[in-house]
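Written below as structure tokens is the structure these notes are about.
Throughout, read-outs are computed from the coordinates displayed, never taken from laboratory work. All values derive from a computational prediction rather than experimental measurement. When we count neighbours, we look across all protein chains shown, and the Cβ atoms used for this are built from the backbone with ideal geometry, even at glycine.
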Amino acid sequence: MTLFFLAFTIVGLTLSAPVAAHSQQDVWRLDLSGPLTYFIAEGSEESGFKEGDRTLAGWALEAWGRQINPPLEMVPGPEASATVRLYWVPAGAGLYGEMRARMVEGRLAADVFVRPDTDGLGLDISGRARLDPLFRDTVVYLTCVHELGHAFGLPHTSDFADIMYTFQYGGDFVAYFMRFREKLEAWDDIRQASPFSDADGGAFRSLYRRPGVS
Ligand SMILES: [Zn+2]
């Protein structure tokens, strides 16, 4: 809880800087000339965090990293300087998650906030999550993937097939999660099942493809 407020305070203070950087560059892109450093926070039980959620967040990062060949290099980094940080936040205003920009050591960085408590996400989601732990984990995992997509600079899309789809266009939340859930027989399957459409992968590659490699 304390960590959560601290994070928001830091983010609030630095939020104006990345906005300026963004408009200068026209495109939000993390500096990946070296390995991506990341920090995945511990969660508290009150936030609905479950053991295994940090692993899910790590898999979500890896899943994006595999969208280019060779896969993106990523290493855990200190909380103060990691380029991508992920925090678990307690129930709020019905949000699944959020990404906030920040600057660290003069470069663009991102904080991702994920709400692991599915109980407040509407009956369709919460009811199913209670009956089916893998559905609950799917919601948490895909929220990590979506918000990390923003951290990498991907905007929302209007195509329901995309992980970067936004429900501002309407649509069926349960179906969005179930299409991934249906690929799973066991928890470990989350790591290999693809959460992406072709367009998601293409959008990532257009930002991070390196010369001479696919
Ligand atoms: Zn979004």
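In table form, for the structure just shown:
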| item | result |
| --- | --- |
| Volume in Å³ per residue [convex hull over Cα atoms, computed for the chain] | 124 Å³ |
| Local net charge near GLU79, Cβ-Cβ under 14 Å (Lys/Arg +1, Asp/Glu -1) | 0 |
| Cβ-derived FRET efficiency at R0 25 Å, ASN69 paired with ASP172, nearest 0.05 | 0.15 |
| Shape category assigned to segment 61-137 from the gyration tensor of Cα positions, a/c cut at 1.5 | oblate |
| Residue order, fewest to most beta carbons within 10 Å, for TRP88, TRP187, TRP28 | TRP187, TRP28, TRP88 |
| Shape of segment 112-214, Cα gyration tensor, a/c cut at 1.5 | prolate |
| Dipole moment magnitude, nearest 20 debye, segment 121-165 about Cα centre, only Lys, Arg, Asp, Glu C-beta charged | 180 debye |
| Relative exposure of LYS183, LYS50, judged by other C-beta atoms within 10 Å (fewest first) | LYS183, LYS50 |
| Cβ-placed point charges (K, R +1; D, E -1), dipole of segment 2-208 about Cα centre in debye, nearest 20 | 300 debye |
| Under 5 Å, built H, 5+ apart or other chain: amide partners of ILE40 | LEU86 |
| Net charge, LEU61 excluded, C-beta distance under 15 Å - Lys, Arg +1, Asp, Glu -1 | -2 |
| Extension reserve of the ASP188-ALA91 stretch, reckoned as 0.36 nm per residue once the Cα distance is removed | 32.3 nm |
| Overall form of segment 164-214 per C-alpha gyration tensor (a/c, 1.5; a/b vs b/c) | oblate |
